[in-house]
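The values are calculated or read from the model by the stated rules, or taken from the named source; none is laboratory data. All values reported here derive from a predicted model rather than from experimental measurement. Ideal geometry is used to build each Cβ from the backbone, glycine not excepted, and the neighbour counts take in all protein chains shown. Each accessible area value is taken on the protein alone, full model and side chains, heavy atoms only, with ligands, DNA and RNA left out. Shrake-Rupley method; radii C 1.70, N 1.55, O 1.52, S 1.80 Å.
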Amino acid sequence: MARPVTLMTAQWGDLDLESLCKLAKEMGYDGLELMEGAHFDAKKAAADKAYADDILKTLDKYGLKTWAVATHVVGQCVGDTWDPRTDTFAPGALAGKPDEIRAWAIETMMAVPAAAKNLGVSVVTGFLGSPIWAYWYSFPPTTDEMVDAGFKKIVDLWTPIFDEFDKHGVLFALEVHPTEIAFDYYTWQQLLKEFGGRKTLGLNYDPSHLIWQGVNPTIFLRDFMDRVYHVHMKDAAVTLDGKAGILGSFITFGDNRRGWNFRSLGHGDVNFEEIIRELNAGGYQGPLSVEWEDSGMERVYGGTEAAAFVRKVDFKPSDVAFDAAMGNE
């Protein structure tokens with residue numbers, strides 16, 4: 001049986017749920033990875049089963065399902081050090097109030113596992129934030145103590161939230177991503193260690209954020225396959241031309257002068273065949289969720305093409321050795 005192909009809804013937040021369901025079905029998707037704040041309210045879904053059921057009825061009306069819900073925006077506010085950009089993620093009344101933004105984010109994340117359970121899913125994707133992302137270059141010098149304190153703060157903030165996840169039998173799948181406490185191979189490895197290998201915490205595997213950093217997405221997947229709870233299908237192209245650097249030059253996404261850009265699936269540098277082979281070897285049977293981002297392409301065209309691309313590349317593993325028929329009885 002082919003893995004379900006879903007659409008992550010964050011980038012489609014300008015559409016109401018019913019309109020998006022209709023469009024997603026037309027584009028060829030099996031379901032939606034619903035973004036909290038855009039297409040469901042976690043606190044409401046946790047407290048009101050009828051509200052959650054209405055969301056599921058809307059999905060079912062268009063022949064869609066959900067296998068995971070997303071909490072990237074609110075999760076970021078739990079662990080981040082505030083700056084004015086954070087205000088865009090929180091309710092307007094909390095603008096400029098770091099402590100209140102964090103309290104709102106924690107309260108919301110504490111409601112998420114009950115909401116997920118009411119929506120019939122056991123995986124929540126998202127971000128943790130980072131209190132030390134600004135230190136990544138290490139100038140002014142970043143000490144080991146500063147890094148250790150940053151990881152400890154994330155553990156302290158998220159342990160009570162993960163305790164609530166455990167009560168409801170729900171897993172959290174972190175998207176390893178720049179601006180996160182875990183943004184590459186070794187920071188993810190360190191985060192696992194800091195949480196003592198806690199099984200609540202796994203991966204929302206997204207190769208696009210690895211490839212432009214120079215991290216091999218296939219090696220990362222192979223080494224951490226046992227922690228893959230969800231998969232994002234997303235592409236990126238590195239286009240260094242001797243002028244723009246890998247850090248982006250403060251040039252807006254989609255500008256062709258950038259040293260790299262997110263691209264619609266199949267238009268970048270990610271080798272998705274190798275990823276499918278690793279997922280097959282690891283026995284992953286969850287959804288392949290398209291997170292569509294390409295500022296240089298019309299999104300309905302791109303979203304439709306992306307769904308077809310995933311179906312084409314998602315092949316089953318063989319159940320026989322290819323040379324078995326050549327042997328003598």
For the range 132-178, how many residues are in contact with a strand residue (DSSP E or B) (Cβ under 9 Å, 6 or more places away or on another chain), under 22 Å from His209 (Cβ atoms) and of a type in the set (Phe, Trp, Tyr)? 2
Quick one: which strands (runs of 3 or more DSSP E) sit completely within the range 192-297 and have at least 2 residues that are farther than 24 Å from Met35 by Cβ? 235-238
Conditions: (1) hydrophobic (A, V, I, L, M, F, W, C); (2) at pLDDT below 95; (3) in a helix (DSSP H, G or I). Ala321 meets all but one. Number of the miss? (3)
Residue count, the range 170-191, condition more than 17 Å from Gly126 (Cβ to Cβ) and either of a type in the set (Gly, Ala, Ser) or not in a loop (DSSP other than H, G, I, E, B) (or both), comes to 4
For the range 1-98, please list each of the helices (runs of 4 or more DSSP H) lying entirely inside it that holds at least 2 residues being under 15 Å from the mean Cα position of the chain (by Cα). 72-79
The listed residue being among the basic types (Lys, Arg) and open to solvent by less than 30 Å² (accessible area, probe 1.4 Å), out of Arg227, Arg277: Arg227
By residue number, the members of the range 298-324 that are under 19 Å from Glu26 (Cβ atoms) and either open to solvent by 60 Å² or more (accessible area, probe 1.4 Å) or touching a Gly at 6+ places or on another chain (Cβ under 7 Å) (or both) are Glu298, Arg299, Tyr301, Thr304, Ala307, Ala308, Phe309, Arg311, Lys312
So Gly37, is it of a type outside the set (Phe, Trp, Tyr), open to solvent by less than 40 Å² (accessible area, probe 1.4 Å) and within 23 Å of Val231 (Cα to Cα): no
Scan Thr66, Thr88 and give me the residue that is within 21 Å of Glu291 (Cα to Cα), without any contact (Cβ under 8 Å) to a residue 12 or more places away in the chain, open to solvent by 10 Å² or more (accessible area, probe 1.4 Å) and not small (Gly, Ala, Ser). Thr88
Within the range 119-137, the residues that are surrounded by fewer than 23 Cβ atoms within 10 Å (Cβ to Cβ), in contact with a helix residue (DSSP H, G or I) (Cβ under 7 Å, 6 or more places away or on another chain) and not in a loop (DSSP other than H, G, I, E, B) are Tyr135
In the range 299-312, is there at least one residue being closer than 23 Å to Leu34 by Cβ, of a type outside the set (Val, Ile, Thr), part of a loop (DSSP other than H, G, I, E, B) and out of contact with any Leu (no Cβ under 6 Å at 6 or more places or on another chain)? no
Out of Val147, Val121, report the one residue that is closer than 20 Å to Val231 by Cβ, at pLDDT 95 or above and among the hydrophobic types (A, V, I, L, M, F, W, C). Val121
Can you confirm whether the range 243-253 contains a residue that is small (Gly, Ala, Ser), touching a residue at least 12 places away in the same chain (Cβ under 8 Å), farther than 24 Å from Ile275 by Cα and surrounded by fewer than 13 Cβ atoms within 10 Å (Cβ to Cβ)? yes
Cβ pairs under 8 Å, 6+ apart, first in the range 52-63 and farther than 16 Å from Glu36 by Cα, second among the small types (Gly, Ala, Ser) and surrounded by 14 or more Cβ atoms within 10 Å (Cβ to Cβ): Tyr62/Ala24
The range 1-34, residues that are among the aliphatic types (A, V, I, L, M), open to solvent by less than 10 Å² (accessible area, probe 1.4 Å) and more than 18 Å from Leu265 (Cα to Cα): Leu20, Leu34
Just need a number here: residues in the range 138-188 that are open to solvent by 60 Å² or more (accessible area, probe 1.4 Å), touching a residue at least 24 places away in the same chain (Cβ under 8 Å) and more than 28 Å from Ala46 (Cβ to Cβ). 1
Which ones in the range 167-179 are of a type outside the set (A, V, I, L, M, F, W, C) and within 20 Å of the chain's Cα centre (by Cα)? Gly169, Glu175, His177, Pro178, Thr179
Tell me which of these Arg257 doesn't satisfy, since it passes every other one: (1) without any contact (Cβ under 8 Å) to a residue 40 or more places away in the chain; (2) open to solvent by less than 40 Å² (accessible area, probe 1.4 Å); (3) farther than 22 Å from Val313 by Cα. (2)
